[in-house]
Amino acid sequence: MTIRKTILDKGSDILNVYCTAGYPKLDNTGTILKSLSSQGVDLIELGMPYSDPLADGETIQRSSQIALQNGLTLDILFGQVKEAREHTSTPIIAMGYYNQMLQYGVERFLSRSHDSGIQGLIIPDLPMDIYERDYQHLFVKYNMEISFLITPLTSDERIHQADKLSTAFIYVVSQTSITGKQGVISIAQKKYFERIESMNLVSPRLIGFGIHDRMTYNQACKYSHGAIVGSAFIRSLDVENVEGSIETFVNGLR
């Protein structure tokens with residue numbers, strides 16, 4: 001099932017959990033993917049570790065650094081996903097950066113992603129006009145969905161462009177900061193979410209950045225189809241009991 005259909009079929013309370021490939025140990029990726037699936041999360045966002053991230057906060061930056069030190073490469077990541085695919089059908093979305101695609105070769109990257117069982121991509125620094133001009137036909141060729149990000153500072157024109165081009169969902173960045181910031185959802189954020197709701201967009205929307213507990217997850221779900229949880233999940237992982245810590249975390253959100 002596609003990412004978009006998964007969201008639209010359920011309609012609400014979508015839980016998308018972000019994890020970093022190769023963290024905390026190189027061979028934990030498959031275990032985490034399978035455990036998240038068995039705990040009933042709706043989508044899994046798999047981070048492709050990168051040395052120079054743009055939007056990631058300290059927690060995800062640190063997890064990426066450790067994953068790279070563990071020896072994680074894109075080829076290893078693709079192999080880990082392909083192995084995990086034998087045990088789970090939960091949609092997997094890879095999140096990374098434009099330079100990773102360019103260095104690997106864009107068509108080769110998309111082909112390997114598709115063959116491994118990755119169904120969608122989030123590439124925050126891929127300009128929408130470049131995607132539309134140079135790569136959209138390749139995403140179609142390899143049946144790869146894409147999600148573009150919007151923020152509180154994004155103009156209505158660009159929001160509509162993101163709505164037009166996103167084939168999975170629109171990633172609604174909840175605040176103008178990096179990932180990992182904790183706190184309650186503010187009045188200003190609620191007004192921003194209401195503004196997006198009023199635009200009658202076609203694509204489903206998931207809210208991310210700052211979603212870290214049951215309260216913020218439930219609040220985000222009131223204004224969208226669901227929420228993305230990343231840094232809080234990374235912090236919750238117990239190296240000695242990965243599967244047990246995943247069960248505790250997911251149950252704590254729901």
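Can you pull out every residue in the range 113-129 that is more than 11 Å from MET144 (Cα to Cα) and without any contact (Cβ under 8 Å) to a residue 60 or more places away in the chain? Answer for the range 113-129, where residues must be more than 11 Å from MET144 (Cα to Cα) and without any contact (Cβ under 8 Å) to a residue 60 or more places away in the chain: SER116, ILE123, LEU126, PRO127, MET128, ASP129.
Before we move on, is THR29 polar (S, T, N, Q), surrounded by 15 or more Cβ atoms within 10 Å (Cβ to Cβ) and in contact with an Asp or Glu (Cβ under 8 Å, 6 or more places away or on another chain)? Answer is no for this residue. Checking each residue in the range 15-36 for being among the hydrophobic types (A, V, I, L, M, F, W, C) and more than 15 Å from the chain's Cα centre (by Cα) picks out only LEU26. Just a yes or no: is a residue in the range 147-170 aliphatic (A, V, I, L, M), within 18 Å of ILE7 (Cβ to Cβ), under 14 Å from the mean Cα position of the chain (by Cα) and in a loop (DSSP other than H, G, I, E, B)? Yes, the range 147-170 has at least one match.
Against the conditions (1) part of a strand (DSSP E or B); (2) at positive phi, GLY40 satisfies every one except (1).
For the range 212-237, the set of residues classified as in a helix (DSSP H, G or I), touching a strand residue (DSSP E or B) at 6+ places or on another chain (Cβ under 6 Å) and closer than 15 Å to SER63 by Cβ consists of PHE233 only.
Scan the range 116-137 residue by residue and report those that are under 19 Å from the mean Cα position of the chain (by Cα) and in a helix (DSSP H, G or I). SER116, MET128, TYR131, listed by residue number.
The set of residues from the range 224-251 being touching a Lys or Arg at 6+ places or on another chain (Cβ under 9 Å) and modelled with pLDDT under 95 comprises SER231, VAL239. Annotation note: of TYR50, TYR18, the sole residue that is in contact with a helix residue (DSSP H, G or I) (Cβ under 8 Å, 6 or more places away or on another chain), part of a loop (DSSP other than H, G, I, E, B), farther than 14 Å from GLY117 by Cα and not aliphatic (A, V, I, L, M) is TYR50.
Table: residues versus (1) out of contact with any strand residue (DSSP E or B) (no Cβ under 8 Å at 6 or more places or on another chain); (2) acidic (Asp, Glu).
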{"position": "VAL17", "(1), (2)": "no, no"}
{"position": "ASP27", "(1), (2)": "yes, yes"}
{"position": "SER38", "(1), (2)": "yes, no"}
{"position": "THR73", "(1), (2)": "yes, no"}
{"position": "LYS82", "(1), (2)": "yes, no"}
{"position": "SER89", "(1), (2)": "yes, no"}
{"position": "TYR104", "(1), (2)": "yes, no"}
{"position": "SER111", "(1), (2)": "yes, no"}
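Out of the range 174-219, which residues are within 18 Å of the chain's Cα centre (by Cα), at pLDDT 95 or above and of a type in the set (A, V, I, L, M)? Hits for the range 174-219 are LEU206, ILE207. Within the range 86-102, which residues are part of a loop (DSSP other than H, G, I, E, B) and surrounded by 17 or more Cβ atoms within 10 Å (Cβ to Cβ)? Answer for the range 86-102, where residues must be part of a loop (DSSP other than H, G, I, E, B) and surrounded by 17 or more Cβ atoms within 10 Å (Cβ to Cβ): THR88, THR90, PRO91, GLY96, TYR97. Tell me, which residue of the range 113-136 that is surrounded by 15 or more Cβ atoms within 10 Å (Cβ to Cβ) and among the aliphatic types (A, V, I, L, M) is farthest from GLY79 (Cα to Cα)? The qualifying residue farthest from GLY79 (Cα to Cα) is MET128. Of the residues contained in the range 103-112, none is found to be hydrophobic (A, V, I, L, M, F, W, C), within 27 Å of ASP238 (Cβ to Cβ) and crowded, with 20+ Cβ neighbours inside 10 Å. Determine if the range 34-42 includes at least one residue that is surrounded by 20 or more Cβ atoms within 10 Å (Cβ to Cβ), farther than 17 Å from VAL17 by Cα and not polar (S, T, N, Q). No, that holds for no residue.
Please go through the range 238-254 and pick out each residue that is within 21 Å of SER12 (Cα to Cα) and in a helix (DSSP H, G or I). Write out each step before concluding.
Taking the range 238-254 first, the residues within 21 Å of SER12 (Cα to Cα) are 249-254.
Scanning the range 238-254 gives PHE249, VAL250, ASN251, GLY252, LEU253.
The values are calculated or read from the model by the stated rules, or taken from the named source; none is laboratory data. Just so it is clear, the model here is predicted, and its values are computed rather than measured. Note: ideal-geometry Cβ built from the backbone for every residue, glycine included; neighbour counts use all protein chains shown.
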